[in-house]
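K.L.:
Before anything else, here's the structure in question.
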Amino acid sequence: MLRYQTAGESHGPQLTAIVSGFPAGVPVAPEDINRDLARRQKGYGRGGRMNIEKDRVQFLSGIRFGLSIGSPITLVIPNLDFQNWQDVMSPLPASEDISRRVTRPRPGHADLPGALKYGHKDARNILERSSARETAARVAVGALCKTLLKQFNIDVFSHVIRIADVQAKPDSLSFDEIKQAASVSDLSCADVNASQRMKKKIDEAKAKGDTVGGVAEIIAMGVPVGLGGVMNWEERLDGILAGAIMSIPSVKGVEIGIGFTAAGIFGSLVHDEIFYAPTKPKALNGHGPSGGFYRKTNNAGGIEGGISNGEPVVIHAAFKPIPTMMTPKRSVDLVTKEPFDASKERSDVCAVPAAAVVAEAMTAFILAQAFIAKFGGDSMGEMKKNYDSYIQYLKRY
């Protein structure tokens, strides 16, 4: 089974991810990973740390001569800022400066519940790991998984559809047009007019010392019918995807397809009708293999009954405003129990475009995991044989 583990603190020496269960024979190059790491660091409204870190991956195991070899893959991303935090983050027991402890938990962060859960009087033991900095390792894992999915013509990408109350409406664009337009936008937004209004909203928040959140859409093209399962609850692809997306810092809501909208309209407007043609219309090229069956709508977001149905998988992730901001919020000291106004800190005003890349990475990982579970194989050659056999079965069905 494909799985991964990350390790490392926000201001520690490095972030590490170990991926196991990745098949042998998949072409992998550093630029495949670094491209998405760079995307995670960009976006209108980002803070100062993005000027410090220049994330680049190092392969320490599992890759030889540009190909995966089947052993666990170790990915390392050095933290350049560690040189300024060596005393604070030292592993040596005798070197702690007690005055540097963090005893004032920040509202909206994991500081207080984490300190209570693990018995810490220094919230830095929590905030260093709960920091969104950890997501750089996840992006590296997701980018690795995209190299596998690419071998089967599966493309995963993301774009921003909302910042605060400004809604983008790229409805008239095809998936390819959305991807292209979002790739050249510093907000990853395919709607140029909405993008300008989003920037004004971010500027307004910055002037007030505030922050804004938003919504990203993640799309996976080319996903074949049959990923996931309906026989047991933990096999359902939509449930697994939702859980993975919800694990991202700041995510407070996930929907598949039209999601919450479906709860407010009649069923006749929700469910996607099924059609059949031996050869699908050209307009449907790019959808996943499903024999001659197809839909003209995709309200289900490519998943029915926990199983991919051959249509594009479409996910929306809602990100809350970043809790670290210049506007102080009230809190209570962990040690003295005295009230205080949280310290003003300048950070990101809006990180939705970067967070979208993380959601894209998590989607790629879950789809790769489901893909390997469906088609098996210890090597790319074996997996392709299994996949090709399945595609022929769909054509004959």
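K.L.:
Since residue 153 meets every condition but one in (1) farther than 30 Å from residue 20 by Cβ; (2) in contact (Cβ under 8 Å) with a residue 40 or more places away in the chain; (3) polar (S, T, N, Q), which condition does it not meet?
P.N.:
Here residue 153 meets the rest and fails (1).
K.L.:
Give, as residue ranges, the helices (runs of 4 or more DSSP H) completely inside the range 109-182 that count at least 3 residues that are surrounded by fewer than 17 Cβ atoms within 10 Å (Cβ to Cβ), out of contact with any strand residue (DSSP E or B) (no Cβ under 9 Å at 6 or more places or on another chain) and not hydrophobic (A, V, I, L, M, F, W, C).
P.N.:
111-118
K.L.:
Looking only at strands (runs of 3 or more DSSP E) that fall completely inside the range 1-105, which ones have 3 or more residues that are touching a residue at least 40 places away in the same chain (Cβ under 8 Å)?
P.N.:
Those strands (runs of 3 or more DSSP E) span 3-7, 14-20, 73-78.
K.L.:
Has the range 288-295 got any residue that is at pLDDT below 95, within 28 Å of the chain's Cα centre (by Cα) and in a helix (DSSP H, G or I)?
P.N.:
No, that holds for no residue.
K.L.:
For residue 214, state whether it is of a type outside the set (Val, Ile, Thr) and farther than 23 Å from residue 356 by Cα.
P.N.:
no
K.L.:
Follow-up question, since we're still on this one. Filter the range 247-287 for residues that are modelled with pLDDT of 95 or more, among the hydroxyl-bearing types (Ser, Thr, Tyr) and more than 22 Å from the chain's Cα centre (by Cα); which is farthest from residue 155 (Cα to Cα)?
P.N.:
Here the residue is 268.
K.L.:
Can you tell me how many residues in the range 348-390 are buried (at least 24 other Cβ atoms within 10 Å of the Cβ), of a type in the set (Gly, Ala, Ser) and under 21 Å from residue 21 (Cβ atoms)?
P.N.:
3
K.L.:
At least 1 residues that are surrounded by 13 or more Cβ atoms within 10 Å (Cβ to Cβ), touching a residue at least 24 places away in the same chain (Cβ under 8 Å) and not basic (Lys, Arg) in each: list the strands (runs of 3 or more DSSP E) lying fully within the range 195-279 that qualify.
P.N.:
Per the criteria, 214-221, 251-256.
The values are calculated or read from the model by the stated rules, or taken from the named source; none is laboratory data. Since the model is a prediction, treat every value here as computed from it, not as a measurement. Cβ: placed from backbone, ideal geometry, glycine included. Neighbour counts: every protein chain shown.
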